[in-house]
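What follows is a single structure, written as structure tokens, with notes after it.
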Amino acid sequence: MSTFPVTRLRRFRRTAALRSLVRETTLDPAELVLPLFVCPGEDVERPLEGLPGIAQRSVERIREAAAAAHADGVGAVILFGIPEEKDDEGSGAWDEDGIVQRALRALREASPGLVLITDVCLCEYTSHGHCGVVTDGEIDNDASLELLARTAVSHVEAGADVVAPSDMMDGRVGAIRAALDDAGRETTPILAYSAKYASAFYGPFREAAGSTPSFGDRRSYQMDPPNVREALRECELDLAEGADAITVKPALPYLDVIRAARERFDAPLFAYNVSGEYAMVKAAAAGGWLDERQAALEALTAIKRAGADAIVTYWAHDVATWLR
Ligand code: PBG
């Protein structure tokens with residue numbers, strides 16, 4: 001290999017046009033998923049302190065936000081619900097007339113070409129805020145499966161294109177696949193949150209979704225942050241149970257996990273750029289310490305460079321307008 005002065009890597013960096021020509025990784029809004037928080041009421045738009053620019057919105061407002069994002073090229077939205085009432089089992093999650101189900105029907109009609117993904121979990125609907133049923137103070141894995149499966153089916157019946165279980169119960173992908181198939185929904189894909197870590201970076205989300213656990217934490221079901229081989233086992237099991245795509249979450253502190261999953265599996269790989277990752281940049285930008293747009297584009301590009309095919313991000317709509 002020739003070296004300096006024959007080789008000068010700066011030659012292709014000299015102008016914007018030259019740099020574009022050799023760029024290895026690009027962002028496309030069609031590969032971005034915008035999270036939306038739907039709440040009861042009419043004409044409600046409640047800004048979230050920890051997630052500047054993001055709000056809890058009632059159905060009609062969700063419809064407008066989704067249509068606007070879609071018109072700007074965003075590929076998909078993922079819905080989270082804030083129910084009117086919570087109970088021990090989280091029955092609002094599979095209520096035919098539940099908040100997410102109502103939003104789905106409205107969105108399905110208003111934005112036929114937009115991919116509608118739903119987060120399948122019980123934590124927003126349970127009075128204790130855990131992602132599964134509680135029996136004797138512990139999160140009961142097997143008792144939760146049927147409820148999660150019921151929730152997934154009800155989302156699909158209301159218009160969801162893709163269901164994304166985020167509860168981290170063992171066996172939930174298989175249970176959801178079987179229930180969907182029984183309901184004649186064998187063409188609906190499952191996007192599994194396979195490697196979902198027990199992360200401090202979910203802080204602002206829990207305020208947004210009102211899902212902070214009332215006792216304990218989520219470490220008995222979400223993954224232990226130091227582990228990467230275990231993440232690959234989670235992905236492998238989810239794929240074996242019928243997952244059509246897998247997710248690593250959070251994204252930035254886990255780029256090595258994204259890379260490892262990319263190298264091992266050929267299935268579509270999603271990464272979730274979570275609320276805390278967004279809030280950190282927003283806070284620093286508000287302080288005047290960094291440029292939000294540059295920082296966000298750099299972070300999202302890094303997630304793709306690590307190997308993600310698609311990214312769930314609170315910047316989805318912003319990116320679509322920035323790249324226009
Ligand atoms: C629900 C769920 C969580 C997130 C997505 N789905 C919270 C949690 O597990 O505590 C976090 C998303 C974010 O922080 O942006 N289980």
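In table form, for the structure just shown:
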quantity	calculated
Positive-end extreme of charge dipole, the chain - chosen from G288, H130, F12 (charges on Cβ)	F12
Using alpha-carbon coordinates, inclination of helix 229-240 to the longest axis of the chain, degrees	60
Rounded to the nearest 20 debye, dipole of the chain from Cβ charges on Lys, Arg, Asp, Glu	2400
Rounded to 5, the percent of DSSP beta bridges in segment 26-322 classed as antiparallel	20
In Hz, Karplus ³J(HN,Hα) per residue of segment 31-42 (6.51, -1.76, 1.60; θ = phi - 60°; x = Gly, Pro)	9, 10, 10, 9, x, 10, 10, 9, 10, x, x, 10
Relative contact order of the chain, pairs being alpha-carbon contacts under 8 Å that are 6 or more residues apart, as %	18
Per-q log10 I(q)/I(0), segment 187-324, q = 0.18, 0.20 Å⁻¹ (Debye; single scatterer per alpha-carbon; no solvent)	-1.07, -1.24
Point-charge dipole on Cβ atoms (K/R +1, D/E -1) for segment 115-230, about Cα centre, debye to 20	300
Solvent-accessible heavy-atom area per residue, rounded to whole Å², over the chain at 1.4 Å	46
Helix 275-286 vs. the chain, principal-axis angle (Cα, 0 to 90°, nearest 10)	50
Under-5 Å amide H pairs with V134, H placed in peptide plane, nonlocal only	D140
Spread of Cα-to-Cα distances over 20 Å intervals beginning at zero, given as percent, for the chain	32, 58, 9, 1
Among D170, D266, D309, residue whose mean-square fluctuation peaks in a GNM of the chain (springs only between Cα atoms under 10 Å)	D266
Relative contact order computed over segment 190-259 (Cα-Cα under 8 Å; 6+ residues apart), in percent	55
From phi via Karplus (6.51, -1.76, 1.60), per-residue ³J(HN,Hα) for segment 159-167 in Hz, x at Gly/Pro	x, 5, 8, 9, 10, 10, x, 10, 7
Among V44, V133, V173: highest mean-square fluctuation, GNM of the chain, C-alpha pairs under 10 Å	V44
The chain: calculated mean residue ellipticity at 222 nm from DSSP helix runs of at least 4, using -39500 (n - 2.57)	-11500 deg cm²/dmol
Cα centroid separation, segment 64-121 to segment 184-220 (Å)	16
Extreme residue, positive dipole direction of the chain, given options F37, Y254, G184 (C-beta unit charges)	Y254
On Cα atoms only, tilt of 292-306 relative to the major axis of the chain in degrees	80
Dipole moment magnitude, nearest 20 debye, segment 1-99 about Cα centre, only Lys, Arg, Asp, Glu C-beta charged	1940
Share of pairwise Cα separations in segment 1-72, more than 19 Å, in percent	60
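The values are calculated or read from the model by the stated rules, or taken from the named source; none is laboratory data. A quick note: this is a predicted structure, and the numbers were derived from the prediction, not measured. Positions of Cβ are backbone-derived with ideal geometry, glycine not excepted, and every protein chain shown enters the neighbour counts. The accessibility values were calculated without ligands, DNA or RNA, using every heavy atom of the protein model including side chains. Shrake-Rupley method; radii C 1.70, N 1.55, O 1.52, S 1.80 Å.
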